[in-house]
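Chemist: One structure follows; several queries about it will come next.
The values are calculated or read from the model by the stated rules, or taken from the named source; none is laboratory data. Remember, it's a predicted structure, so these values are computed and weren't measured experimentally. Note that we place each Cβ from the backbone using ideal geometry, even for glycine, and neighbour counts take in every protein chain shown. In case anyone asks, the SASA skips ligands and DNA or RNA and just uses the protein heavy atoms, side chains included. Shrake-Rupley method; radii C 1.70, N 1.55, O 1.52, S 1.80 Å.
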Amino acid sequence: KAGVTQTPRYLIKTRGQQVTLSCSPISGHRSVSWYQQTPGQGLQFLFEYFSETQRNKGNFPGRFSGRQFSNSRSEMNVSTLELGDSALYLCASSFYRGQDGYTFGSGTRLTVV
Amino acid sequence: SQQGEEDPQALSIQEGENATMNCSYKTSINNLQWYRQNSGRGLVHLILIRSNEREKHSGRLRVTLDTSKKSSSLLITASRAADTASYFCATDFNDYKLSFGAGTTVTVRA
């Protein structure tokens, strides 16, 4: 059974650029959540999607956005990148909104220079 | 903050010893989950314990939950070098998202 696939694994971008990260959940999982991990702030919740609808959003600026497609795959976008956006971005999938726990992907490490 | 707080921040033990880490939180939860992370990779789900449960086991892992004290503990028995990792507790406050603690870094010495 394939796990949660995140692409790309590593990304280097310049301040002011935008970036799109992709997440393919486990087959049959309909919920996708995104988390940001930094040394200073730890793990912080970004968004949650279920059935193509954003159900929850964390305390992040509007530069952070996302979406979920009909096949449950999800993308997140960060526009006008800032140095502070450098982080490990983790995608987590679950059958129904994490009620039985989440399966995380290996993450996308974004470096903004 | 609703985030769980873990204690200790770091733990160093000899192979074969037990490791215990604790997590405290501030408001009522739906469930509490423990995750492991190796060297900045993805998180691995270990155990989920619901608010009406007091103890759960999975292999060498034992998790307890005391809702009256708003605390949980994770015990790893007979530790191995492969258990070296960061361990996080994460709480679901009935809002379908996880609030993570800062984590406990466990080092198992051979």
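Chemist: For segment A:52-64, give me the residue count where each residue is more than 13 Å from chain B (Cβ to nearest Cβ) and open to solvent by less than 50 Å² (accessible area, probe 1.4 Å).
Modeler: 2
Chemist: Going by the conditions given, is A:S70 more than 14 Å from the chain's Cα centre (by Cα) and either open to solvent by 70 Å² or more (accessible area, probe 1.4 Å) or within 10 Å of chain B (Cβ to nearest Cβ) (or both)?
Modeler: When the stated conditions are applied, A:S70 passes them.
Chemist: Here are B:S72, B:S79: which of them is more than 11 Å from every other protein chain (Cβ to nearest Cβ), touching a residue at least 12 places away in the same chain (Cβ under 8 Å), surrounded by 18 or more Cβ atoms within 10 Å (Cβ to Cβ) and in contact with a Cys (Cβ under 8 Å, 6 or more places away or on another chain)?
Modeler: Being more than 11 Å from every other protein chain (Cβ to nearest Cβ), touching a residue at least 12 places away in the same chain (Cβ under 8 Å), surrounded by 18 or more Cβ atoms within 10 Å (Cβ to Cβ) and in contact with a Cys (Cβ under 8 Å, 6 or more places away or on another chain) holds for just one of B:S72, B:S79, which is B:S72.
Chemist: Only one of B:R50, B:R62, B:R109 is within 14 Å of another protein chain (Cβ to nearest Cβ), open to solvent by 50 Å² or more (accessible area, probe 1.4 Å) and in contact with a strand residue (DSSP E or B) (Cβ under 6 Å, 6 or more places away or on another chain); which?
Modeler: After ruling out the rest, the residue left standing is B:R50.
Chemist: Assess whether A:T14 counts as being out of contact with any helix residue (DSSP H, G or I) (no Cβ under 9 Å at 6 or more places or on another chain), open to solvent by 30 Å² or more (accessible area, probe 1.4 Å), closer than 16 Å to A:T108 by Cβ and not aromatic (F, W, Y).
Modeler: No.
Chemist: Yes or no: segment A:18-36 includes at least one residue that is over 15 Å from the mean Cα position of the chain (by Cα) and open to solvent by 70 Å² or more (accessible area, probe 1.4 Å).
Modeler: Yes, because at least one residue in segment A:18-36 is over 15 Å from the mean Cα position of the chain (by Cα) and open to solvent by 70 Å² or more (accessible area, probe 1.4 Å).
Chemist: Could you go through segment A:5-24 and let me know if any residue there is farther than 18 Å from A:G101 by Cα, within 14 Å of chain B (Cβ to nearest Cβ), of a type in the set (F, W, Y) and part of a strand (DSSP E or B).
Modeler: yes
Chemist: Still on this structure: Go through segment A:76-112 and give me each residue that's among the acidic types (D, E), in contact (Cβ under 8 Å) with a residue 24 or more places away in the chain and surrounded by fewer than 17 Cβ atoms within 10 Å (Cβ to Cβ).
Modeler: A:E82, the sole residue that qualifies.
Chemist: Name every residue in segment B:4-37 that is open to solvent by 70 Å² or more (accessible area, probe 1.4 Å), closer than 13 Å to B:F88 by Cβ and part of a loop (DSSP other than H, G, I, E, B), in order of residue number.
Modeler: Across segment B:4-37, the qualifying residue is only B:Q9.
Chemist: From (1) more than 24 Å from B:T105 (Cβ to Cβ); (2) open to solvent by 30 Å² or more (accessible area, probe 1.4 Å); (3) within 11 Å of another protein chain (Cβ to nearest Cβ), pick out the condition that doesn't hold for A:Q44.
Modeler: (1)
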